[in-house]
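Reviewing the structure listed below.
Computed from the coordinates by the stated procedures, all read-outs in this text should not be read as laboratory data. Every value quoted in this text rests on a predicted model; they were computed, and no experiment measured them. A quick note on method: Cβ atoms are made from the backbone with ideal geometry, for glycine too, and the neighbour counts reach across all protein chains shown.
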Amino acid sequence: MNGLTGHLEPERHARILAERILPESGLRTANSYERPKAILLGGQPGSGKGGLVKSAKAEFFYNVVPIDPNELRNFHPQAKEFQRTHPYTWSGDTHPDASQWADELLEATVSGKKC
């Protein structure tokens, strides 16, 4: 990791993307479409985004690739430690990697790259 933050070294970040995130994303099994659809959700905590995600998954028969930086934080090897040691600010420690993983997963879906 770099410095005082939870930012992972580039090699480790890339390895987690390749070995865990892409294989677990659903990208491999999702059907490709000539005109794919994207659903963008945003809102305050507790506003109901999770329920909308579940509804969208069901509507598309689970043929989706969710890209949620908050969920991707859990792939950070120190996420649980950060949650335990500073529960109110831990998300800032995982934000750089989670955000980058979200961008990389989006790029993989757009480019049609199957893992």
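Data overview
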item: The stretch 7-53: C-alpha gyration tensor shape, a/c 1.5 cut-off, then a/b vs b/c; result: oblate
item: Rounded tilt (10° steps) of 49-59 against the dominant C-alpha axis of the chain; result: 30 degrees
item: Integer Hz, Karplus 6.51/-1.76/1.60 couplings in order for the stretch 23-30, x for Gly and Pro; result: x, 8, 6, x, 4, 5, 9, 5
item: Extension gain (nm, one decimal) between S47 and E11, 0.36 nm per residue minus Cα-Cα; result: 9.4 nm
item: Label-point separation, Y88 to E34 (7 Å along Cα→Cβ), nm; result: 5.5 nm
item: Tilt relative to the chain, helix 90-111 - C-alpha long axis, 0 to 90 degrees, to 10; result: 30 degrees
item: Anisotropy class of the stretch 67-115 from Cα gyration tensor, a/c 1.5 cut; result: prolate
item: Dipole magnitude (debye, nearest 20) for the chain, charges at Cβ of Lys, Arg, Asp, Glu; result: 380 debye
item: For the chain: span of alpha carbons on each principal axis (Å, largest first); result: 44, 34, 16
item: Helix-only mean residue ellipticity at 222 nm for the chain, each DSSP H run of n ≥ 4 adding -39500 (n - 2.57), per residue, nearest 500; result: -13000 deg cm²/dmol
item: Rel. contact order, % - alpha carbon contacts under 8 angstrom, at least six apart, the chain; result: 36 percent
item: Highest-fluctuation residue, E59, E71, E34 considered, GNM on the chain with Cα pairs under 10 Å; result: E34
